[in-house]
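Visitor: Encoded as structure tokens, here's the structure I'll be asking about.
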Amino acid sequence: MRCAAIFAGAAALPADFPTVPMKGVDGPIRMPLYGIGTWEYNDTVAEAATLSAFQQGYRHVDTAWGYKNQVGVGKALAAAKVPREEYFVTSKIPGGLNASATTATLDECLTQLGLEYVDLMLIHFPATWSGEGGPGGRKEEWLALEAWAKQGKAKAIGVSHYCQRHVQDVQSVASVPIAVNQVQYHVGMGSAPDMATDYRDWMVSQGIVYQAFSSLCGPCDAPYNTELITGDLVTKIGKAHNKTGAQVALKWVVQQGIPVLPKSSNPKHIAENGALFDFNLTAAEMQELTQATTPPVAGNSPSDSGDCGVGEEVVVWGVWSDGAVAYWEAARHGMVGSGASTRRGARSRRRPLGGVPAIEGVHSEGCSSSKASTPRGAR
């Protein structure tokens, strides 16, 4: 067993913690059905939110290299004093990296988190955030991620924002299962087409856990950004269960076996977002929520998340210089944590941060791309 020495004797998550099975590097593992999200939180806010969540029984935190808050998350994990084998950490590295940049960024994630391994490591996007990349680049980055995980540094590996053709590129070379595809999914998308859901049904058919972000539609334009918190439908159903509208929206997702990552820095809302397993929605309520057509996906259009047209040509970015990947790609597209609104589930869209400085070691000579726009709902 490749990771036996690292993971031997691990007690894993508490037996009664709600989970779904997931394909790991060395066999099935349990993935929590809920966790605390940290997108757009700086180190200070991420530390406080993560610690509050873990003090209230959470055992999963989701972060990323591009969020620029992994140091804060790591501090919270240390302060929580939960045994390492009893909690679950997900992180992500940027898409569009070559093999050496991939390995260096992965190692930097562990350093920032102060951990020997993560439970799940994802490739954050099927190309660079500005759309440069293609099948060859996706294969190269995946194989580098596999090699790193096989050293005992990740229990499972996966992707985010990937559509069917992106996954098929990886499947053509993969020797480790694609455990997860993390994508936008919320009430209003239950009957949406494949281009909106990033091929939800196909992912499930491949044994890939379909994980949701933005399940309260934070990146959505007003009034959709509050519809799943205070809207008429979720509020009406919530009254029948003595639950909030947000809890109904989240329950609709987890009752389908889809893990969620609600984000809040408000301890009261953090507690509510995790209190999803003491009630069940009726079949009629599930159907009503599934048939809802609003809020639509925050993407190119109500029927298109914007992910599926990304990365049609081969460009690999991210040659390392002095041990640092080309962070400007993430910063340019708002992947820099800068604090955040404390509104429940808030996930605002990326905001370009202005001009891009030249960085030694990043090459673009002769590159071409589809110039796909960054999806509005990306996180």
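The values are calculated or read from the model by the stated rules, or taken from the named source; none is laboratory data. Note that the structure is predicted; figures quoted are calculated from it, not measured. Note that we place each Cβ from the backbone using ideal geometry, even for glycine, and neighbour counts take in every protein chain shown. Note: areas computed on protein heavy atoms with side chains; ligands, DNA, RNA excluded. Shrake-Rupley method; radii C 1.70, N 1.55, O 1.52, S 1.80 Å.
Visitor: Go through segment 154-203 residue by residue and tally those that are under 28 Å from T230 (Cα atoms), open to solvent by less than 30 Å² (accessible area, probe 1.4 Å) and part of a loop (DSSP other than H, G, I, E, B). Explain how you work it out, then say what you get.
Guide: Of segment 154-203, the ones under 28 Å from T230 (Cα atoms) are 161, 182-198, 200.
With open to solvent by less than 30 Å² (accessible area, probe 1.4 Å) added as a condition, the list becomes 161, 182-190, 192, 196-198.
Filter again for part of a loop (DSSP other than H, G, I, E, B), leaving 161, 185-190, 192, 198.
Residues that pass the stated criteria total 9.
Visitor: Output the residue which, of all residues in segment 225-246 that are of a type in the set (S, T, N, Q) and out of contact with any Cys (no Cβ under 7 Å at 6 or more places or on another chain), is surrounded by the fewest Cβ atoms within 10 Å (Cβ to Cβ).
Guide: N242
Visitor: Could you run through segment 109-124 and say how many residues are open to solvent by 10 Å² or more (accessible area, probe 1.4 Å) and touching a Cys at 6+ places or on another chain (Cβ under 9 Å)?
Guide: 2
Visitor: Moving to a separate point now. Return only the number of the condition from (1) among the hydrophobic types (A, V, I, L, M, F, W, C); (2) surrounded by fewer than 23 Cβ atoms within 10 Å (Cβ to Cβ); (3) under 20 Å from Y34 (Cα atoms) that A222 does not satisfy.
Guide: (3)
Visitor: Same structure again: Please state which one of K75, K92 is in a helix (DSSP H, G or I) and either more than 23 Å from W148 (Cβ to Cβ) or among the basic types (K, R) (or both).
Guide: Just one listed residue meets the conditions, K75.
Visitor: If you don't mind, another one. With K92, K75, K139 as the choices, which residue is under 27 Å from E272 (Cβ atoms), modelled with pLDDT of 95 or more, of a type in the set (K, R) and open to solvent by 20 Å² or more (accessible area, probe 1.4 Å)?
Guide: So the residue among K92, K75, K139 that is under 27 Å from E272 (Cβ atoms), modelled with pLDDT of 95 or more, of a type in the set (K, R) and open to solvent by 20 Å² or more (accessible area, probe 1.4 Å) is K75.
Visitor: Here's something else I'd like to know. List every residue pair whose Cβ atoms sit under 8 Å apart, with the two residues 6 or more apart in sequence or on different chains, where the first one lies in segment 169-192 and is within 17 Å of G306 (Cα to Cα) and free of Cβ contacts under 8 Å to residues at least 60 places away in the same chain and the second, anywhere, is outside any loop (DSSP other than H, G, I, E, B) and among the hydroxyl-bearing types (S, T, Y).
Guide: From residues that are within 17 Å of G306 (Cα to Cα) and free of Cβ contacts under 8 Å to residues at least 60 places away in the same chain, the pairs are N181/S160; N181/Y210.
Visitor: When you scan segment 95-107, how many residues do you find that are open to solvent by 10 Å² or more (accessible area, probe 1.4 Å), touching a residue at least 60 places away in the same chain (Cβ under 8 Å) and part of a helix (DSSP H, G or I)?
Guide: Of the residues in that region, 2 qualify.
Visitor: Still on this structure: Name the pairs: first residue in segment 215-243 and polar (S, T, N, Q), second residue in a helix (DSSP H, G or I) and surrounded by 20 or more Cβ atoms within 10 Å (Cβ to Cβ), Cβ to Cβ under 6 Å, at least 6 apart or on different chains?
Guide: Hits for this filter: S215/L250; S215/V253; T230/G245; T235/G245.
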